[in-house]
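The values are calculated or read from the model by the stated rules, or taken from the named source; none is laboratory data. Note that the structure is predicted; figures quoted are calculated from it, not measured. With ideal geometry, Cβ positions are generated from the backbone for all residues, glycine too; neighbour counts draw on all protein chains shown.
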Amino acid sequence: MTLIQAIVLGIVQGLTEFLPISSSAHLVLVPVLFGWEFSNQTAFVFDVLVQMGTLLAVVAYFHRDLIELVKEAIAGIIRMRPFERPMARLAWLLILATLPALVAGLILKDLVEQAFSKPIAVSAFLLFTAFWLTLSERLGDRTRGLNDLTAADAVWIGATQAMALFPGISRSGATIGGGLMRNLDRRLSARFSFLMSIPVMLGASVIALADLIQIADLRALIAPLIAGFLTAAIVGYFSIRWLLAYLSRNNLKLFVTYCAIVGIIGIAVGLVYG
């Protein structure tokens with residue numbers, strides 16, 4: 001992997017991790033588009049590092065919220081009233097929302113790994129993302145705010161996050177759409193989506209690092225890995241800021257159109273050259 005390839009893929013990860021267009025799909029399809037071939041080991045190492053870059057981005061952007069969530073959750077436990085204050089309740093709801101993806105990941109691990117090697121399947125899942133975003137816009141009335149969040153909302157949005165284990169189903173798209181279906185407003189749905197991504201991404205990174213340190217030729221990849229990590233972190237930070245501002249004024253039709261076009265093209269190319 002060259003520096004240019006690492007930077008390009010870092011930009012792709014930073015943009016698509018938070019925009020509802022599926023980072024996993026783009027990390028599969030972009031190398032195919034440019035004819036880049038990486039060993040499974042190189043691809044694995046790089047994917048781990050760029051995901052850690054976007055984890056750094058979301059932690060940096062929401063660091064004040066995270067500090068308040070932790071403080072309020074601890075204070076609630078001390079007072080023996082863990083759900084009394086909105087931010088304390090939100091902290092526990094975020095934890096609850098991560099459980100469905102954890103359980104699904106353990107059950108579906110082998111099936112998900114197989115999907116990553118099939119560009120046509122990835123493209124088909126992109127079409128599902130377009131359908132899901134369309135459905136969520138039509139079903140949700142966007143009348144509920146932060147104080148209206150319930151455990152049922154958290155479980156539902158967590159279940160939608162579990163769908164995004166499959167490459168092509170956008171994690172942010174699935175969870176933002178899940179929030180809209182529970183009648184949350186778009187910006188709150190996105191904020192909840194980004195916050196709930198932190199424990200999932202952190203857990204996945206810790207598990208992957210255990211395998212990462214066992215790779216023999218890791219030193220040869222240091223420069224591209226650093227480039228990809230930093231690029232993903234910087235681009236990811238500004239992607240979060242842009243999307244939250246965008247959703248304050250706009251719907252999800254732009255992302256529906258994009259996912260549909262890329263999905264159709266991906267399937268067509270796969271059928272022709274597959």
(request) For segment 249-266, enumerate the residues that are touching a residue at least 60 places away in the same chain (Cβ under 8 Å) and either over 18 Å from Ala174 (Cα atoms) or touching a strand residue (DSSP E or B) at 6+ places or on another chain (Cβ under 9 Å) (or both). (result) Ile264, Ile265, Gly266
(message) Take the residues in segment 119-135 that are among the hydroxyl-bearing types (Ser, Thr, Tyr) and surrounded by 24 or more Cβ atoms within 10 Å (Cβ to Cβ); name whichever of them is modelled with the lowest pLDDT.
(response) Ser123
(request) Go through (1) modelled with pLDDT of 80 or more; (2) surrounded by 15 or more Cβ atoms within 10 Å (Cβ to Cβ); (3) not in a helix (DSSP H, G or I) one by one and return the number of the condition Arg81 breaks. (result) (2)
(request) Give just the number: which of (1) crowded, with 17+ Cβ neighbours inside 10 Å; (2) at pLDDT 85 or above; (3) within 26 Å of Val269 (Cα to Cα) does Val58 not satisfy? (result) (3)
(request) Go through segment 240-274 and give me each residue that's surrounded by fewer than 14 Cβ atoms within 10 Å (Cβ to Cβ), part of a helix (DSSP H, G or I) and not hydrophobic (A, V, I, L, M, F, W, C). (result) Arg241, Lys253, Thr257, Tyr273
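Give the residue that is farthest from Gly158 (Cα to Cα), with candidates limited to residues of segment 72-96 that are free of Cβ contacts under 8 Å to residues at least 12 places away in the same chain and of a type outside the set (A, V, I, L, M). Don't jump to the end; show me each part of the working.
Kept after step one, since they are free of Cβ contacts under 8 Å to residues at least 12 places away in the same chain, are these residues of segment 72-96: 74, 77-84.
Retained after the next criterion (residues that are of a type outside the set (A, V, I, L, M)): 79, 81-84.
Values: Arg79: 28, Arg81: 24, Pro82: 21, Phe83: 19, Glu84: 22 Å.
Across segment 72-96, the extreme among qualifying residues is Arg79.
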(request) Just need a number here: residues in segment 26-50 that are out of contact with any Ser or Thr (no Cβ under 6 Å at 6 or more places or on another chain), of a type outside the set (A, V, I, L, M) and in a helix (DSSP H, G or I). (result) 8
(message) Against the conditions (1) of a type outside the set (A, V, I, L, M, F, W, C); (2) in a helix (DSSP H, G or I); (3) in contact with an Asp or Glu (Cβ under 8 Å, 6 or more places away or on another chain), where does Ser193 fall short? Just the number, please.
(response) (3)
(request) From Ile234, Ile198, grab the single residue that is surrounded by fewer than 24 Cβ atoms within 10 Å (Cβ to Cβ) and at pLDDT below 90. (result) Ile198
